[in-house]
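See below for the structure under consideration.
The values are calculated or read from the model by the stated rules, or taken from the named source; none is laboratory data. Since we're looking at a predicted model, the values are computed, not measured. Heads up, the Cβs are rebuilt from the backbone with ideal geometry, glycines too, and the neighbour counts pull from every protein chain shown. Keep in mind that these areas ignore ligands, DNA and RNA; they rest on the heavy atoms of the full protein, side chains included. Shrake-Rupley method; radii C 1.70, N 1.55, O 1.52, S 1.80 Å.
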Amino acid sequence: MARVSQEHLDARRRQILDGAASCFARNGFHATSMQDVLKETDLSAGAVYRYFRGKDELIAAIVTEVLDTVRDILERAVRESPPPTPDVLVPRALAWMREQRPATLDDGEWMFPRLMIQVWTETTRSPELAAVLGDGYQKVRTTWGKIAESYQAAGLMPADTDTDAVARAMIALVQGFAAQMALFGGISEQTLGEGLRALMTMRRPGQRP
């Protein structure tokens, strides 16, 4: 019997994760059954269960993969000197995520923000998923802190800035963007960048230009 190549195994795993993500984003975690995933991927139960034992493992794998991708994007920015300012970096990171995860829902909206909402909801019910998300969040937060430190080193941010506070604020910004897009639509990465750019030009009363 011919051996199955690693490339084939990776492609099959990708097919399963993408199909499951579409189901979760469209119908929610609890309303999605493994039968729905089989139908979405057009695979047999044996083919899917070879990789994942159930929905919990599927969503944990999706979360881990997404957060690793986000961290990789930010790590690239850390290596730039100086790193791009938030009004450039955040839209660029979101655009890159859209390229990596381009799937859309039936209404044409980008699937990824809706999936994020479903993950957050399930995290409040599942300690196991909360642990996975918490670990990934900490890694992303640490990377954002490195970016803030690079801003300090480049003279773009005061030396006494609380870099962890900056990291938390930037994560909150992206989460808010995802929530707006998932719930209301009508917002783009470019709009977010323009808003950030305007906020960055603000001065305190009496402060000279």
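Considering only segment 159-179, state which residues are closer than 19 Å to T121 by Cα and in contact (Cβ under 8 Å) with a residue 40 or more places away in the chain.
If the condition is that a residue be closer than 19 Å to T121 by Cα and in contact (Cβ under 8 Å) with a residue 40 or more places away in the chain, then L173, V174, Q175, F177, A178, A179 are the ones that fit.
Restricting to segment 105-143, name every residue that is in contact with a helix residue (DSSP H, G or I) (Cβ under 6 Å, 6 or more places away or on another chain) and either among the polar types (S, T, N, Q) or over 25 Å from C23 (Cα atoms) (or both).
Q118, T123, K139, V140, R141, T143
Take T41 and tell me if it is at pLDDT below 90 and either farther than 30 Å from Q152 by Cα or open to solvent by less than 50 Å² (accessible area, probe 1.4 Å) (or both).
It is false that T41 is at pLDDT below 90 and either farther than 30 Å from Q152 by Cα or open to solvent by less than 50 Å² (accessible area, probe 1.4 Å) (or both).
Condition first: in contact (Cβ under 8 Å) with a residue 12 or more places away in the chain, closer than 23 Å to A60 by Cα and open to solvent by 20 Å² or more (accessible area, probe 1.4 Å). Now tell me which residues in segment 137-157 satisfy that.
Answer for segment 137-157, where residues must be in contact (Cβ under 8 Å) with a residue 12 or more places away in the chain, closer than 23 Å to A60 by Cα and open to solvent by 20 Å² or more (accessible area, probe 1.4 Å): Y137, K139, R141, T142.
Considering segment 48-75 alone, what residues qualify as being open to solvent by less than 40 Å² (accessible area, probe 1.4 Å) and aromatic (F, W, Y)?
Answer for segment 48-75, where residues must be open to solvent by less than 40 Å² (accessible area, probe 1.4 Å) and aromatic (F, W, Y): just F52.
Test each condition in (1) in contact with a strand residue (DSSP E or B) (Cβ under 8 Å, 6 or more places away or on another chain); (2) free of Cβ contacts under 8 Å to residues at least 24 places away in the same chain for I187 and report the one that comes out false.
Checking I187 against (1) in contact with a strand residue (DSSP E or B) (Cβ under 8 Å, 6 or more places away or on another chain); (2) free of Cβ contacts under 8 Å to residues at least 24 places away in the same chain, the one that fails is (1).
Taking segment 169-189 only, how many residues are over 18 Å from R98 (Cα atoms) and either among the charged types (D, E, K, R) or surrounded by 11 or more Cβ atoms within 10 Å (Cβ to Cβ) (or both)?
Summing the residues that are over 18 Å from R98 (Cα atoms) and either among the charged types (D, E, K, R) or surrounded by 11 or more Cβ atoms within 10 Å (Cβ to Cβ) (or both) in segment 169-189 gives 2.
Name every residue in segment 119-136 that is over 16 Å from the mean Cα position of the chain (by Cα), assigned to a helix (DSSP H, G or I) and free of Cβ contacts under 8 Å to residues at least 24 places away in the same chain, in order of residue number.
P127, A131
Please enumerate the residues belonging to segment 158-168 that are among the aliphatic types (A, V, I, L, M) and open to solvent by less than 60 Å² (accessible area, probe 1.4 Å).
A165, V166, A167
Working only within segment 25-50, note down all residues that are touching a Gly at 6+ places or on another chain (Cβ under 9 Å) and polar (S, T, N, Q).
Selection gives T41 alone.
Does A172 count as at pLDDT 95 or above and touching a Lys or Arg at 6+ places or on another chain (Cβ under 6 Å)?
No: the conditions fail for A172.
What is the residue count in segment 82-106 for residues that are free of Cβ contacts under 8 Å to residues at least 12 places away in the same chain and either more than 14 Å from the chain's Cα centre (by Cα) or open to solvent by less than 60 Å² (accessible area, probe 1.4 Å) (or both)?
Matching residues across segment 82-106 total 2.
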